[in-house]
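Below is one structure, written out as structure tokens; comments come after it.
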Amino acid sequence: MPRRLFGNTISESAHLEAEAAGVPLNHAALSSPARQLWLAGLENLVLDLVGHTKFNANGCLEWIGPKDGRGYTRTFAFGKPWSAPRLFYFMWKGEIPPGHFVCHHCDNPKCVLPDHLFSGSQGDNIADACRKGRMRCARGEDHKMHKLTANNVQEIRRRYQRHDVTGNNGLALASEFGVHPNTISALIRGRTWKSIS
Ligand SMILES: [Zn+2]
């Protein structure tokens, strides 16, 4: 009985992982009441996860649940710890191949919205896309990569001075350069890229 949330059914691999965590392998052969209990277990996990999230104004679904000592989103499921975006990706989109990153289209490390997540290996064109500033990538979720070049920063600062509605404002520049508005704000205010004038 697939459950639909965020437009995706819970992934087949999430079901398989639940089995690996101790649920009888041949759950399809279970009697109906037992099967309902097994599905309820997965449903409780889903409800618990979704209950620790909140939509922000940009349409991201942000994790507001537990964080580890370093402030990174942290969840526990199927007998092991996960970063929240990795678990949401796994639950709604499927297996994450070994060594693969779960990346954000939206430049928001707290975001767990399946539509905003994708996975890829370092060898794919992901690193290239990161360099071009189109997306944020993270091993787990927390390894920041440079997305803007010094030239980008100079252009953004120059255009921000004009501050009009035709693409020269914080939100529009963030969208054009594929970074979070906070990134634009920080470099405009000189908190980042201090060496570039
Ligand atoms: Zn997002």
Built amide H within the under 5 Å cut-off of residue 53, gap 5+: 64
Loop trypsin sites (Lys or Arg not before Pro), region 45-103, which have at most 15 other Cβ atoms in a 10 Å radius of their Cβ (DSSP): 70
Region 157-163 - phi-based ³J(HN,Hα) in whole Hz, Karplus 6.51/-1.76/1.60, Gly and Pro as x: 5, 5, 6, 5, 4, 6, 6
Amide H contacts of residue 77 (H built 1.01 Å from N, under 5 Å, at least 5 apart or other chain): 82
Distant-in-sequence amide H partners of residue 102 (H built 1.01 Å from N, under 5 Å): 138, 140
From phi via Karplus (6.51, -1.76, 1.60), per-residue ³J(HN,Hα) for region 47-52 in Hz, x at Gly/Pro: 5, 5, 5, 5, x, 9
HN-Hα J in Hz across region 59-68 - Karplus 6.51, -1.76, 1.60, θ = phi - 60°, x for Gly and Pro: x, 7, 9, 9, 6, 10, x, x, 10, 7
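Each reported figure results from applying straightforward, stated rules to the coordinates on display, with no laboratory input. What you see is a predicted model, and the numbers here were worked out from it, not measured in a lab. Cβ: placed from backbone, ideal geometry, glycine included. Neighbour counts: every protein chain shown.
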